[in-house]
1. Does any residue in the range 45-68 that is closer than 18 Å to residue 82 by Cβ come within less than 7 Å, Cβ to Cβ, of a residue that is of a type in the set (A, V, I, L, M) six or more places away or on a different chain, and which pairs are these?
2. Any chance you could count how many residues in the range 280-313 are among the basic types (Lys, Arg) and farther than 14 Å from residue 251 by Cα?
3. Just give me the residues in the range 142-185 being touching a Ser or Thr at 6+ places or on another chain (Cβ under 7 Å) and polar (S, T, N, Q), in sequence order.
4. Any residue at all in the range 384-392 that's surrounded by fewer than 21 Cβ atoms within 10 Å (Cβ to Cβ), at pLDDT 90 or above and touching a strand residue (DSSP E or B) at 6+ places or on another chain (Cβ under 6 Å)?
5. Kindly check whether there is at least one residue in the range 483-501 that is in a loop (DSSP other than H, G, I, E, B), farther than 25 Å from residue 583 by Cβ, touching a residue at least 24 places away in the same chain (Cβ under 8 Å) and assigned by TED's automatic domain parsing to the domain that holds residue 456.
6. Filter the range 290-323 down to residues that are under 25 Å from residue 220 (Cβ atoms), in contact with a strand residue (DSSP E or B) (Cβ under 9 Å, 6 or more places away or on another chain), in a helix (DSSP H, G or I) and basic (Lys, Arg), then give me how many there are.
7. For the range 365-374, indicate whether the set of residues that are farther than 30 Å from residue 637 by Cβ, touching a residue at least 24 places away in the same chain (Cβ under 8 Å) and part of a helix (DSSP H, G or I) is non-empty.
8. Let me spell it out: the conditions are (1) free of Cβ contacts under 8 Å to residues at least 60 places away in the same chain; (2) assigned to a loop (DSSP other than H, G, I, E, B), and residue 346 meets all of them except one. Which number is the exception?
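The values are calculated or read from the model by the stated rules, or taken from the named source; none is laboratory data. These figures come from a predicted structure and were not determined experimentally. Neighbour counts are summed over all protein chains in view; Cβ atoms, including those assigned to glycine, are modelled from backbone coordinates with ideal geometry.
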Amino acid sequence: MLGEDKVAKTVAPAAVEAVDRRDTEIQRRLAEAYQPMLRAMVVPATVYFAIVAIAYLIIEEPAGKVLLGTVSTIISLACFAISCECARKSLDHGEIERRAAGLLLMTLVSLVMHHTLHLEPTKLIFFALAIMIVSVVAISARLVIGAVVLAGGAMMAFAVKAGGDNPIHFGFILLAAAFVAFTVSGLTRKAILKAIGASITADDLREAAEKRAEQDILTGLPNRRKHFADLEKRLKARKGATPRFAVGIVDIDGFKTVNDRFGHGVGDLLLVEVSARLREACAGTGQLARLGGDEFALIIEDPKEEDGLKSLGCRIREAIGQPFTIMGLPLKISASAGFAMEEIAIVSASEMMERADYALFHAKEHGSGVEIYTAELQTHRREMNAIEHNLRHGDLEKEIRVVYQPQIDIRTGETVGFEALARWESRELGRVRPDTFIAVAERIGAMGRLTPLCLRKALEGARDWPPGLKLSFNLSVRDIETPASVETIRRIVMDSGFAPERLVFEVTETLIMSEYEQAQRSLKTLTDLGARVALDDFGVGYANFSHIDQLNIDTIKIDRSFVSRLGDNTNSRKIVNTMIDMCASLGVDCVVEGVETAEELQVLRSMGACYVQGYHFSRPIEAVDIPGYLMGEMARRVKKPSRAVSRAS
């Protein structure tokens, strides 16, 4: 009960305030409706009383000329003044009521003075006429009541004074005038109030629709439309003395995995909790909005340069990095943030947000978690834009080629396969690093063009290899995200003439976890074809042993970052040794990447590693050089049959 009382006490003032606002709005709109009617009455009244004043000056006796002429002139001038006032400004409810009452009183004074000087029963009808005219512009019922009482009382007084049947005659006239006045004024007000009510309701609905259109339904935060509109206003309103501001984009890492594994219900509840933590972490800094999905945006007021933004980004990451419990499920996610400071060169909200988005991309790409758009990033962005442009419009068929890096069985020194690697020699940019252009291609959705091209070239180059050699080919997340893209890969393999059983598709842990369910379906399509699947860069992502079993992984590739630390890092040795033993226990092949020295090879051999690749054996080679490479390897084995080759020339 106490809780209900507290809610009632909180809600009641708000409800009263809403009713008061609505009543005030009705009064304002009622005045807007009656003001043109008042002006429509006083304009002809100005002319009428001016004519009456002139008539009095012509036909009246001297006393009547001064008295009646003056009063009529004053009324005419008053009507003219009210007409001008109505044309010049808006009158409120009370002002319209007072002016109508004033005109009524002046008119009654004129009529009373006229009949006092010379009573004319036939003209007593003007009192009734005054009642009905006032009823047309009566913004309130009390104005009609006043008109009936004052005008009717004056008319009946003069009727009694005139004697005869006049009291009865004008009594009926007064009754009829009162009936007409109350009916006309009531119906007019009712019709106007009905229209006002409909208009206010329509405005309320439109305002609610606009609010919903600018509000994220799930979190209650401003949405993308509202954020961009506010940012545009902020950019247009800035002045030299105005404190600088910044924008930020926050992306929730790992949310898609939660959504895919536990469903949209859990995902939605997680987003609500995330928004609450973001509100708390960003309190007092500016406006928080949800752009859509797992992306949020900020407009940060007076961020105190880069240090303030870095501090805010760290607070956000710390808040989101704390464990969540949703519907009893313990969940762990993280966040990345990109910021961009306002600059005079920025002319649009989209441009400013693109800067923040690029900073976010850089933060995720390099693992820093928080990045601020700087001049250095601006240069990097221009370079990436150039790569993007050439990926979209360059002649990739001529510029892209495929090279092959051998994979060696260190027990025999025999090459068991090659990994296909893309190389790009752009006509405009020259040689572009593979990790760079592949990252850009994934970001802009160009893998749908790049992967089929590289796969066709790789299969064409491997078509005449000896039967025992395998071909490894890397797939990106874009290559398996839709059934159509997987079907394209399947069709290329089937048309190539290369046996699918000799083909190994390499996928990364990050790829699998970002699109787990689709990855499972897509990889099954490829394994049904006869191809094998290798898990690339194992140890740096989020996959676990159950994924290896569920996805029918045939080979695990140990990332070179572990190999490079074998010489002076005991933990790296333990990790690599454990992964090699794990592969043996699971019955899957293990390929160690990035072997560059004889010392690394010796350590790996002592651990029981079987397959390796790296510069210690060979750099990637062109397709035309592979026959010579294989012949050289065969010659070395014939020459030294009892020893495994430890290094290829």
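1. Cβ pairs passing all conditions: 49/75.
2. 2
3. 185
4. The answer is yes, given that some residue of the range 384-392 is surrounded by fewer than 21 Cβ atoms within 10 Å (Cβ to Cβ), at pLDDT 90 or above and touching a strand residue (DSSP E or B) at 6+ places or on another chain (Cβ under 6 Å).
5. For the range 483-501, residues in a loop (DSSP other than H, G, I, E, B), farther than 25 Å from residue 583 by Cβ, touching a residue at least 24 places away in the same chain (Cβ under 8 Å) and assigned by TED's automatic domain parsing to the domain that holds residue 456: present.
6. Residues flagged as under 25 Å from residue 220 (Cβ atoms), in contact with a strand residue (DSSP E or B) (Cβ under 9 Å, 6 or more places away or on another chain), in a helix (DSSP H, G or I) and basic (Lys, Arg) within the range 290-323 amount to 1.
7. Checked against the condition, which is being farther than 30 Å from residue 637 by Cβ, touching a residue at least 24 places away in the same chain (Cβ under 8 Å) and part of a helix (DSSP H, G or I), the range 365-374 yields at least one hit.
8. (1)
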